[in-house]
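Worksheet: one structure, shown below.
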Amino acid sequence: MGMKSPTTDTEQPAKAAWERDVLEPALAKSPERSVSFTTISGRPIERLYTPQDVADLKYDEDLGDPGVYPYTRGIHPTGYRGKLWTMRQFAGFGTPEETNERYKQLLAAGGTGLSVAFDLPTLMGRDPDHPLSLGETGKCGVNVTTLADMERLFEGISLADITTSMTINSPAPMIFAMYLVVAEQQGADWKKLSGTIQNDILKEFIAQKEYIFPPRPSMRLITDVFAFCAKEVPRWNTISVSGYHIREAGATAVQELAFTLRDGIEYVQWGIDAGLEIDDFVPRLSFFFNAHSDFFEEIAKYRAARKIWGRVMRERFGAKHERSWKLRFHTQTAGVSLTAQQPYNNVVRTALQALSAVLGGTNSLHTNSLDEALSLPTAEAATLALRTQQVIAHESGVTNIVDPLGGSYFIERLIFDMEEGAYRYFDTIDKMGGMVVAVEQGYPQREIAESAYRFQQSVEKKEKLIVGVNAYVDENEATIPILYIDDNAAEKQLARLEEVRRRRDAAKVTATLDTLRATARGTGNTMVALLDCVRAYATIGEMCDALREVWGEYEEVPSI
Amino acid sequence: MRKTRVIIAKPGLDGHDRGAKVIARALRDAGMEVIYTGLRQTPEQIAAAALQEDADVVGLSILSGAHMHICPRLMELLRAKGLEHIEVLVGGIIPDVDAPKLKAMGISGIFLPGSPMQEIIDFINERVRPRAEAV
């Protein structure tokens, strides 16, 4: 059944008539607050949306029922009436033991999945004793240098019974190999293991800048993971194509949507070029979006993402399985929107952002803690963030109905406009020769920096108000307790690394690293070689160094 | 009179460069000459750049929590090169308890998330006197 087309509906009063007869006299009496209104992305917003704005909307083609292509209304026929989203709180700091304790506490508090935050040395493939790791070990996340750390991280947590998401990119295959070996030690079946590795290098070049190797060998590592998992770990999400960091770096909602999905297209193309069958690996691709502050624009973004991905997989790539058409995504509330000023306001911001993700049909969600503009969260702040999700899930009533905002004149219009914007970016990037080329040329990087600067200017000019920052400023605000991470973790991890190096079989380490180098020079699957390195307790630095020797390191040309 | 010369640097392993790039551009638009070093600069590289560029100001963007290691090292290197006159500013996530320690080691300005660009521009303009162009 299609939505009635208003252009043929003579009873529908024209917007023009309303404007003339009702609006103009009202405006004459009291003008609006501003001459123009825009979203946080700078998109102009009309005063009112009516059936005329969605006159071209065809229900089956553009929306479809829930669980039906193109999945604008969601991938599950029952929405959250069946299963709620996974409440997955990103956590990690200090030593593996400290983080293990936080995980057990989050699981006890009703968290339904784990999400590992690694520290910068781990993310950059450096051991704690490397000069660049100075002051960084255990600071932004947990330090994992060898298999011994991964064993401690999941001690007492059965990997067969939980799903784990790991935010790791350039060294994703090394960390994933460690996880697989721990699962093996616990007796868990790889075939049943479920979770996600972020493994999204394109957004690192574009936004977060935690890259190690140049783009092309980095892409090969990723397609190696696709191929390995299709055979060995079939229920694992091999990548989480991430818009989150692109948005945090300053992108608009459309840029987040467009660059993320275009990254997804690039991975699919590289997978196909590597000889994989599309329907064998695409169903295991997952996505990760930001929940920023502009409520309706965000809801439209998630719904547009599902629609575009479905279309692109089915029409551009000719994927046959419905599972390849369905975009599944995780959402995190916008870290960049958190303010150091009046930090309790962040609870409210986060709740609204989380609600937009839920109304957009997210499959899993992380809510930020109120203190994260100041430090990593305290245990109390992290619990409150989880409670925020639970209140939305169980008290707000929004989970009782599938896609409650489907058919909103405003949101459906926004989807059309954002879709158009995304396809325009796709065209530009296709013409450049794909996302790898675009990234090498710095194109998305420049687009995002431009948007970031424009937004900052609008805050400076008070065109955009941020409560507590450029409006309602309180000079005498109280401070809140924060988590202070000292250098204890670094000292402990350094001592442990030394112990592992002493106890392991050095000859075995050398041999497995040699095989890794040879595999990287050839065409074999690097995952297989990495699993052997990990079993020999090779460090993340050693494994990455072996690949640095073969592939070199990427350096960005700095520009402002 | 020569323009105020500012080096914006991202030390440490972190790659989140939104703040560094936005402030670099804002200072440039405010009439300063800005050199952005790019990512993952060691204190040694930053001090060398400060000397070579005859900088008036060094602005560090640090979000990772490594400031208590990076800042003392940089200040020591600047002193060793006779560059005590350079104003060193830090922007990023700096816990309250660390602020007095950073000030004590000679860091003149600490700017937390949400600091207005204008405040940073004014801060620099108040402290750096225009110098004659070197001949």
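Relative to the current alpha-carbon distance between residue A:38 and residue A:157, full extension at 0.36 nm per residue lengthens the span by 38.1 nm. Axis angle, to the nearest 10 degrees, between helix A:526-535 and the longest C-alpha principal axis of chain A: 50 degrees. Placing unit charges on the Cβ atoms only, positive for Lys and Arg and negative for Asp and Glu, gives the stretch A:67-143 a dipole magnitude near 700 debye about its Cα centre. When A:474, B:17 are arranged by Cβ crowding within 10 Å, least crowded first, meaning fewest neighbours, the order is A:474, B:17. Neighbour counts of other Cβ atoms within 10 Å put A:133, A:356 in the fewest-to-most order A:356, A:133.
Counting only Cβ charges, +1 for Lys and Arg and -1 for Asp and Glu, the dipole size of chain A around its Cα centre is about 960 debye.
Structural descriptor for chain B: relative contact order 28 percent, calculated from alpha carbon pairs under 8 angstrom and at least 6 residues apart. Ellipticity at 222 nm from helices only: DSSP H runs of n ≥ 4 in chain A, each -39500 (n - 2.57), divided by the residue count, give -14000 deg cm²/dmol. Over 24 Å apart at the Cα level, from the set A:203/A:508; A:58/A:301; A:58/A:307; A:461/B:101; A:231/A:326, are A:203/A:508; A:461/B:101. Ordering A:53, B:98, A:371 by the number of other Cβ atoms within 10 Å of each residue's own Cβ, fewest first, gives B:98, A:53, A:371. Once the chain from residue A:511 to residue A:555 is taken as fully extended at 0.36 nm per residue, the excess over their C-alpha distance is 12.9 nm. Full extension of the chain segment joining residue A:379 with residue A:476 gains 32.3 nm, where the gain is 0.36 nm per residue of separation less the Cα-Cα distance.
Residues whose amide H comes within less than 5 Å of that of residue B:111, counting only those at least five positions distant or on another chain, are B:90, B:91, B:92 (H built at 1.01 Å from N in the peptide plane). Shape class of chain B from the Cα gyration tensor (axes a ≥ b ≥ c, square roots of the eigenvalues): rounded, since a/c falls below 1.5.
Quick check: net charge around residue A:74, other residues with Cβ under 10 Å of its Cβ, Lys/Arg +1 and Asp/Glu -1?
Net local charge, residue A:74 excluded: +2.
Return one number: the angle in degrees, 0 to 90 and rounded to the nearest 10, between the long axis of the Cα atoms of helix A:96-108 and the longest principal axis of the Cα atoms of chain A. Once rounded, one gets 40 degrees. Summing Cβ point charges (Lys, Arg +1; Asp, Glu -1) relative to the Cα centre of chain B gives a dipole of roughly 160 debye. How would the protein assembly as shown be classified by its alpha-carbon gyration tensor: rounded, prolate or oblate, with rounded meaning a/c under 1.5 and the a/b versus b/c comparison settling the rest? Oblate, since a/c reaches 1.5 and b/c is not below a/b. Neighbours of residue A:177, meaning other residues whose beta-carbon lies under 10 angstrom from its beta-carbon, give a summed charge of 0 when Lys and Arg score +1 and Asp and Glu score -1.
Spatially, the stretch A:296-337 and the stretch A:360-420 are offset by 16 Å when compared through their Cα centroids.
Whole-Hz Karplus values for the stretch A:89-95 come out as 9, 5, 8, x, 6, x, 8 Hz, taken residue by residue from phi with 6.51 cos²θ - 1.76 cosθ + 1.60 and θ = phi - 60°; glycine and proline positions read x.
Using a simple spin-label model with pseudo-atoms 7 Å out from Cα toward Cβ, residue B:33 and residue A:194 lie 6.1 nm apart. Working note: Karplus 6.51/-1.76/1.60 with θ = phi - 60° gives the stretch A:336-348 the couplings 5, 7, 6, 10, 6, 7, 6, x, 5, 4, 5, 4, 5 Hz, where Gly and Pro are set to x. Our coupling estimate for the stretch A:356-370, obtained by passing each phi through the Karplus curve with A = 6.51, B = -1.76, C = 1.60 and θ = phi - 60°, is 5, 5, 5, 5, x, x, 5, 8, 8, 8, 10, 9, 6, 8, 5 Hz, Gly and Pro reported as x. Where does the charge balance sit around residue A:255 when Lys and Arg score +1, Asp and Glu -1, over other residues with C-beta under 9 Å from its C-beta? Every neighbour counted, the sum reads -1. On the basis of the beta-carbon distance and an R0 of 45 Å, residue B:122 and residue A:352 show a calculated FRET efficiency of 0.85.
Here, each number is a calculation from the coordinates, and none is a lab measurement. None of the values given here were measured: they were computed from a predicted structure. Don't worry about glycine lacking a Cβ; one is built from the backbone with ideal geometry, like all the others, and counts go over all protein chains shown.
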